[in-house]
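Report on the structure given below.
The values are calculated or read from the model by the stated rules, or taken from the named source; none is laboratory data. Quick caveat: nothing in here was measured; it's all calculated off a predicted structure. With ideal geometry, Cβ positions are generated from the backbone for all residues, glycine too; neighbour counts draw on all protein chains shown.
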């Protein structure tokens, strides 16, 4: 049993453009089913949520469908699924809420591997209340977090550990469960940035040890929004800033203003597309597990091909994605060529592999790299061998 890539590609109208997309870590293309669900919901009938007429019930159904789909995707409770505009927004909201209970003497742990959305909100929240920030360092030689000092960094003073599930720059998948176990042993909470991980792995938030887990559906075929998963009982203990008439019920108390019902419907459709990649029957959660296995096998085969092609280019480039456990995302720098110019050369062939830092500010600093020094290549489920051929040929020609 393997992933039918040709059949999957046929579900994406945008792929008729001829562009070979290696920008998946920044956002995937969108299947027709997702666009149809958004359009059908938006054109209604649709009103603010309620139960008196069909338009109100449609809004309620969109919310319930979103929570159920994301719960199945993440192994979470629907009552603990919170919608957000972005992972950055959700992380800022959680950090500000938690920081109300922090003060001098408390400590927050962040890492040099993370996207800045899981660093700066915590650094700023800690600074606002006089708490101390401590760091888990990135080893540039291995692209892994240095966990030798884990017990010294995460102590009885630690209130929260923020760690990525997978680096959006390097693909590194740190041992989140190990880090979470240490955090929980000293009574700290764990906030996991799952934006990149969720696009490439079957998620079980409980097994990861994540008290808070955020992800972005537009990284896995959905619309531009985000979701947070947490234990409803934990959310009940938190009191985010909100309007006075707004409900105190969880999870609605964390969702400010009217929800974008059409986007919620799009998220549900995206999860259903992923589940449909698994043949046979079963619950949606069961089919998602099988689908992620098929996607993983396909993506890893393509990553191996790309790695071999990059190796053939010799010392003209350095691949910094070296971790033992990592996603099909590769970041490399060039010895004697400008990364932006090489990316532009690829783009002229309709091969999209962008240059930049991709908001991975701390990894760039840890690696000692200049801004725009490298190119990121990310594989998605719809990437095929012809895309890889075009990428490797384009790189070879640009560096000739």
- Message: Yes or no: region 383-392 includes at least one residue that is farther than 21 Å from residue 28 by Cα, without any contact (Cβ under 8 Å) to a residue 24 or more places away in the chain and either assigned by TED's automatic domain parsing to the domain that holds residue 16 or not in a helix (DSSP H, G or I) (or both).
- Response: no
- Could you check, for region 227-236, whether at least one of its residues is more than 19 Å from residue 193 (Cβ to Cβ), in contact with a helix residue (DSSP H, G or I) (Cβ under 8 Å, 6 or more places away or on another chain) and in the same structural domain as residue 99 (by TED's automatic domain parsing)? yes
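Pick out the one residue from 313, 259, 243 that is surrounded by fewer than 21 Cβ atoms within 10 Å (Cβ to Cβ), touching a residue at least 12 places away in the same chain (Cβ under 8 Å) and under 30 Å from residue 335 (Cβ atoms). Let's see the steps before the verdict.
Working: 259 fails: under 30 Å from residue 335 (Cβ atoms); 243 fails: under 30 Å from residue 335 (Cβ atoms).
Within the list 313, 259, 243, the selection yields 313.
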- Message: I need a count of the residues in region 212-240 that are part of a loop (DSSP other than H, G, I, E, B), touching a residue at least 24 places away in the same chain (Cβ under 8 Å) and surrounded by fewer than 23 Cβ atoms within 10 Å (Cβ to Cβ).
- Response: 7
- Query: Failed condition for residue 175, given (1) buried (at least 24 other Cβ atoms within 10 Å of the Cβ); (2) within 22 Å of residue 328 (Cβ to Cβ), with all others met?
  - Reply: (1)
- For region 117-132, state whether one or more residues are in a loop (DSSP other than H, G, I, E, B), within 23 Å of the chain's Cα centre (by Cα) and surrounded by fewer than 22 Cβ atoms within 10 Å (Cβ to Cβ). no
- Item | In region 35-70, the residues that are surrounded by 14 or more Cβ atoms within 10 Å (Cβ to Cβ) and not in a helix (DSSP H, G or I) | 46, 47, 49
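Kindly establish whether residue 281 is surrounded by fewer than 20 Cβ atoms within 10 Å (Cβ to Cβ) and modelled with pLDDT of 95 or more.
Details: surrounded by fewer than 20 Cβ atoms within 10 Å (Cβ to Cβ): yes; modelled with pLDDT of 95 or more: no.
The answer is no for residue 281.
Going by the conditions given, is residue 307 within 21 Å of residue 196 (Cβ to Cβ), part of a helix (DSSP H, G or I) and free of Cβ contacts under 8 Å to residues at least 24 places away in the same chain? Quick ask: steps written out before the conclusion?
Numbers: within 21 Å of residue 196 (Cβ to Cβ): yes; part of a helix (DSSP H, G or I): yes; free of Cβ contacts under 8 Å to residues at least 24 places away in the same chain: yes.
So residue 307 passes the test.
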- residue 303 fails exactly one of (1) buried (at least 20 other Cβ atoms within 10 Å of the Cβ); (2) out of contact with any helix residue (DSSP H, G or I) (no Cβ under 9 Å at 6 or more places or on another chain); (3) closer than 27 Å to residue 88 by Cα, namely (3)
- Task: Sort through 160, 73, 169, 113 and tell me the only one that's assigned to a helix (DSSP H, G or I), crowded, with 23+ Cβ neighbours inside 10 Å and touching a residue at least 40 places away in the same chain (Cβ under 8 Å).
- Result: 73
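Among the residues of region 146-154, is there at least one that is assigned to a strand (DSSP E or B) and without any contact (Cβ under 8 Å) to a residue 24 or more places away in the chain? Outline the logic, then answer.
So in region 146-154, the residues assigned to a strand (DSSP E or B) come out as none.
No, region 146-154 contains no residue that is assigned to a strand (DSSP E or B) and without any contact (Cβ under 8 Å) to a residue 24 or more places away in the chain.
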- Meets criteria (in contact with a helix residue (DSSP H, G or I) (Cβ under 7 Å, 6 or more places away or on another chain), surrounded by fewer than 17 Cβ atoms within 10 Å (Cβ to Cβ) and modelled with pLDDT of 95 or more) for residue 349: yes
- Note on the structure: Flagged pairs (Cβ under 7 angstrom, 6 or more apart or on separate chains; first in region 323-344, surrounded by fewer than 20 Cβ atoms within 10 Å (Cβ to Cβ); second in a loop (DSSP other than H, G, I, E, B) and modelled with pLDDT under 95) are 333/369; 333/373; 340/372
- Query: Yes or no: residue 315 modelled with pLDDT under 95 and either under 20 Å from residue 87 (Cβ atoms) or part of a helix (DSSP H, G or I) (or both)?
  - Reply: yes
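State all residues of region 201-211 that are part of a loop (DSSP other than H, G, I, E, B) and without any contact (Cβ under 8 Å) to a residue 60 or more places away in the chain; if no residue qualifies, say none. Step through it out loud before you land on a result.
First, the residues of region 201-211 that are part of a loop (DSSP other than H, G, I, E, B): 201-204, 209-211.
Residues satisfying the conditions are 209, 210, 211.
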- Task: Please work out which residue is nearest to the chain's Cα centre (by Cα), limiting yourself to region 80-110 and to residues that are within 30 Å of residue 321 (Cα to Cα) and assigned to a loop (DSSP other than H, G, I, E, B).
- Result: 86
